[in-house]
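To start, the structure itself, in structure tokens.
The values are calculated or read from the model by the stated rules, or taken from the named source; none is laboratory data. Please read these numbers as outputs of a predicted model, since none were measured by experiment. Cβ coordinates were reconstructed from backbone atoms using ideal geometry, including for glycine residues, and neighbour counts include every protein chain displayed. These accessible areas exclude ligands, DNA and RNA; they are computed on the full protein's heavy atoms, side chains included. Shrake-Rupley method; radii C 1.70, N 1.55, O 1.52, S 1.80 Å.
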Amino acid sequence: MDLEKITELIVELELDEIDSAVQEALNEGKSAFSILDALTKGMNKVGKLYEEDEYFLPELALAGDTMNAALEILKPILEAESADLEQEQVVLATVKGDNHDIGKNILCSLLLSAGFKIHDLGKDVDEKIIVEKVKETGAKIVALSSLLSTTVVHIRDVNKALKDAGLRDDVKIIVGGAPLDMDLAKRFGADDFADTVVEGVRHIKELAKIPVKVKE
Amino acid sequence: MRILVLSKRERVIRTLELEEPDIIPIFYYGIEKTGTAYQAFMESEEYKKNEKYIKNSYSRFKNNWVGDITVQRFFNVDLFSMDPFRSKVKYSIVQSPPGAPGCVLETAGGRLFKIKPQVGTGKPYLWYMDGYYKTPEIRKKYWDEYGKPSELIDDKINYSPKVWNEYVESLSPYLYPMANLGVNLHEALFEGMTMSRVMYYMRKDPKHIHEVMTEYTKTGLEIIKRLSEAGVEVAFYGDDLGSKGKSIFSLKSFREFILPYYRQLYQACRKRGIFIIQHSCGYIDNLLPDMVDAGLQGIQALEPAAGVDLANLKETLGDRLCFLGGMDSTKILNFGSPKDIEEDVKKCIKAAGVGGGYFAGPSHDILNVPWENLLVFHAALEKYRKYPLNF
């Protein structure tokens, strides 16, 4: 199985064919990391097509499902082989009271393909659970989604809970969702805002490079 | 000197005919009763001043109330989506279907819902959770067992002109009602099936998508026929097409899978002399020219936070399309200052109100907007809605 073919299957959203293609590549002795790299190239191309208005949200969602089908097979191998590798960790959640998760799920797929280790807490997540996960994992990035004008205010609660737990200086918060812009994001205490999931991946990559404040 | 004062109905019809009425009419999508804004309203002096229930002797409901118009009186609306026919389709509900514990499945569309606390008030609210009809086989099983949407139309509802005329008459001092179609096509499709699966079948089995859309459209066409027999003049159709900065589907997918069915609904309304107004959240500027060509006459929501450009839409489509809403209920009404709110009202009226064809109002229903901001908004609407627009 040509790895370029695996990239193409992601770009062409071929959900039915991806798992057999990944399995075939593994059987031929290709490494899980080389296959992941091919998948990532595909997701990057999907992101580009989204930005060029060739693809829209449903295409992103289907690409995410196709990527996840491939990762189902690769995950155990990748975990075993990457035990000694340092992966940047991201805690991901839709804020309390908000039951929308399409954007968050797509971001999750894109971040996985970009090599991040994701702790996806789901939707309608209380700030206490987010704080606990940051404590447990030592993640330096918290990515929050909020689709409703009624729930964006809960970004402030996450910010406060991280502060109260003494973790805020060690963590960057990035937010996204329909009612938000950079001004509102900053007002609620976030460090960054992204308008689309594709932009979100780019910003999170940048945030991962920025050293967090060192406590005195 | 303008001395003409129109009735609410005359103002609504003239505006829908894209002519300039006496003053700009007001339309609110509504106020969410489980939200904090409504709780504040209930405790306010304004509630006491405006409290009003409308009766209708033909109502088949025990208590005969056909409308609580307290909110609409406060907002001084000219047009509102309410009718005496209520739920036109008898939706079947299945508790906790396999794989979805704690959810309820609405069998016509395949949407899963769950009762969860509303943000800010904790009041129970039925939230959409996921799509259940991920394959044609699942959909077929439930449609076979509980009925297709068109088979669920409630035949006990009396769509007589007598019922409708009495209803309109009883409301006439307060507002002009438009009837709700009670179905949606696009939303039911992607919420019932999930976006990912819709895209999958659009590519792999387009017939499956067309089969579902045909069935939803059949239901809508039958309801339009009944509304027409009752004498309804304006129909309202809610169907979200947009997301932030983009339509949900590409224009190409929209043209192939959605627009042909919209055209049937729009043309059925027009053939029967019914004005058709659609609500859609999100950015839809790229879809609107096709929708207008297909027969749409009014578009409501026009969310600036999603990137909708009201001024540009008015310039390009204003000779064929009426606009409703556009005032930012996402950021400005929730988090803006009184000055921000007043400036936004002026901006939208200037952009879309010139020459008529515009209903002033917020870009969404009111959720947890601070009460004091609503009062500022309300006052600004009344201040700037008068023709000629001299500000």
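Considering only protein heavy atoms, what is the solvent-accessible area of B:Val163 at a probe of 1.4 Å, reported in Å² to the nearest 10?
Here the accessible area works out near 10 Å².
So, taking all protein chains as they sit and a 1.4 Å probe, how much accessible area belongs to B:Thr330, in Å² rounded to tens?
Number for this one is 10 Å².
Residues of chain A: accessible area per residue at 1.4 Å, in Å²?
44 Å²
Give me the percent of accessible area attributable to carbon and sulfur for segment B:276-391, probe 1.4 angstrom.
53 percent
Name the residues of segment B:330-345 whose accessible area falls by at least 50 Å² when all protein chains are present instead of the chain alone, probe 1.4 Å?
Residues shielded by partner chains are B:Lys331, B:Phe335.
At a 10 angstrom cut-off on C-beta neighbours, averaged per residue, how do the peptides B:256-262, B:173-179 rank from highest to lowest?
Result, highest mean first: B:173-179, B:256-262.
Can you give the accessible area of B:Glu46, probe radius 1.4 Å, in Å² rounded to 10?
Solvent-accessible area, nearest 10 Å²: 40 Å².
For segment B:159-215 and segment B:1-46, what is the separation of their Cα centres, given in Å?
For segment B:159-215 versus segment B:1-46, the Cα centre distance is 24 Å.
Long-range amide H contacts for A:Phe193: which residues qualify at under 5 Å (H placed 1.01 Å from N, peptide plane, sequence gap of 5 or more or a different chain)?
Residues meeting the criterion, in which the H sits 1.01 Å from N, are A:Val175.
Grab segment B:281-391 and count how many Lys pairs have their alpha-carbon atoms under 17 Å apart, sequence gap of 8 or more, or different chains.
The number of close lysine pairs in segment B:281-391 is 15.
For B:Thr121, which sequence-distant residues (separation of 5 or more, or a different chain) have an amide H within less than 5 Å of its own amide H, given hydrogens modelled in the peptide plane?
The answer is none.
Taking only protein heavy atoms into account and a 1.4 Å probe, give the accessible area per residue of chain B in Å².
40 Å²
Relative contact order of chain B, please, whole-number percent, based on alpha carbon pairs below 8 angstrom and at least 6 residues apart.
Details: 756 pairs, mean separation 75.2, N = 391.
The normalised contact order for chain B reaches 19 percent.
Just from its helices, what would the mean residue ellipticity at 222 nm be for chain A, if runs of 4 or more DSSP H residues each count -39500 (n - 2.57) and the sum is divided by every residue, rounded to the nearest 500 deg cm²/dmol?
So the helix-based figure for chain A works out to -17500 deg cm²/dmol.
Nearest 5 is fine: what % of DSSP beta bridges in chain B come out antiparallel, could you say?
45 percent
How about A:Lys117: which lysines have a C-alpha closer than 16 Å to its C-alpha, ignoring those fewer than 8 places off in the same chain?
Hits, sequence-local ones excluded: A:Lys75, A:Lys104, A:Lys133, A:Lys135, A:Lys140, A:Lys172, A:Lys205, A:Lys209.
I need the phi-derived Karplus couplings for segment B:127-141: 6.51 cos²θ - 1.76 cosθ + 1.60, θ = phi - 60°, integer Hz, Gly and Pro marked x.
Per residue, the Karplus-derived 3J(HN,Hα) values read 8, 6, 10, 5, x, 9, 8, 7, 9, x, 5, 5, 4, 4, 4 Hz.
Of all beta bridges DSSP finds with both residues in the protein assembly as shown, what is the antiparallel percent, to the nearest 5?
30 percent
Using the structure shown, select from A:Lys48/B:Lys244; B:Lys90/B:Lys148; A:Lys163/B:Lys244; A:Lys160/B:Lys114 the pairs with a Cα to Cα distance greater than 20 angstrom.
Numbers: A:Lys48/B:Lys244 17 Å; B:Lys90/B:Lys148 11 Å; A:Lys163/B:Lys244 31 Å; A:Lys160/B:Lys114 29 Å.
As for pairs spanning more than 20 Å Cα to Cα, those are A:Lys163/B:Lys244; A:Lys160/B:Lys114.
Output ³J(HN,Hα) for segment A:137-154: one whole-Hz value per residue in order, computed from phi by the Karplus curve 6.51 cos²θ - 1.76 cosθ + 1.60 with θ = phi - 60°, and x for Gly and Pro.
9, x, 4, 9, 10, 10, 10, 10, 10, 8, 8, 9, 5, 7, 9, 4, 4, 6
Could you rank B:Ile274, A:Ile102 by how accessible they are, 1.4 Å probe, largest area first?
Per-residue accessible area, sorted high to low, gives A:Ile102, B:Ile274.
In segment B:65-141, what percent of the accessible surface is made up of carbon and sulfur (1.4 Å probe, ligands and nucleic acids excluded)?
Here it works out to 59 percent.
Over chain B, with a Gaussian network built from C-alpha contacts below 10 Å, which listed residue (B:Phe74, B:Phe377, B:Phe359) shows the highest mean-square fluctuation?
Highest fluctuation of the listed residues: B:Phe74.
Ignoring ligands, DNA and RNA, please state the percent of accessible area on segment B:180-265 from carbon and sulfur, probe 1.4 Å.
Taking all protein chains in place, segment B:180-265 shows 49 percent carbon and sulfur surface.
Chains B and A: buried accessible surface, both sides, probe 1.4 Å, rounded to 100 Å²?
2800 Å²
With a 1.4 Å probe and all protein chains kept in place, how do B:His208, A:His100 rank by accessible area, largest first?
A:His100, B:His208
Could you sort the residues of segment A:39-56 by number and keep only those whose accessible area is reduced by 50 Å² or more in the all-protein-chain setting relative to the chain alone, 1.4 Å probe?
Residues losing area: A:Phe56.
If you average the alpha carbon positions of segment A:3-41 and of segment B:349-391, how far apart do those two centres end up, in angstrom?
Each part reduced to its Cα centre gives a spacing of 54 Å.
Would you compute, from DSSP H runs of 4+ residues alone, the mean residue ellipticity of chain B at 222 nm, taking -39500 (n - 2.57) per run and dividing by the full residue count, rounded to the nearest 500?
Details: 15 runs with 154 residues, N = 391.
About -11500 deg cm²/dmol.
Please arrange B:Cys322, B:Cys281 by accessible surface area, largest first, computed with a 1.4 Å probe and ligands excluded.
B:Cys281, B:Cys322
Taking every pair of alpha-carbon atoms in segment A:114-216, give the share separated by more than 20 Å as a whole percent.
So the portion of pairs separated by more than 20 Å is 33 percent.
If amide hydrogens are placed 1.01 Å from N in the peptide plane, which non-local residues have theirs closer than 5 Å to the one on A:Lys172?
Here the answer is A:Ile141, A:Val142, since their amide H atoms fall under 5 Å of that of A:Lys172.
Cross-link partners among aspartates and glutamates for B:Lys88, C-alpha distance below 12 Å, same-chain residues fewer than 8 apart left out?
Counting by Cα, and skipping residues close in sequence, B:Lys88 has these aspartates and glutamates nearby: B:Glu151, B:Asp154, B:Asp155, B:Glu222.
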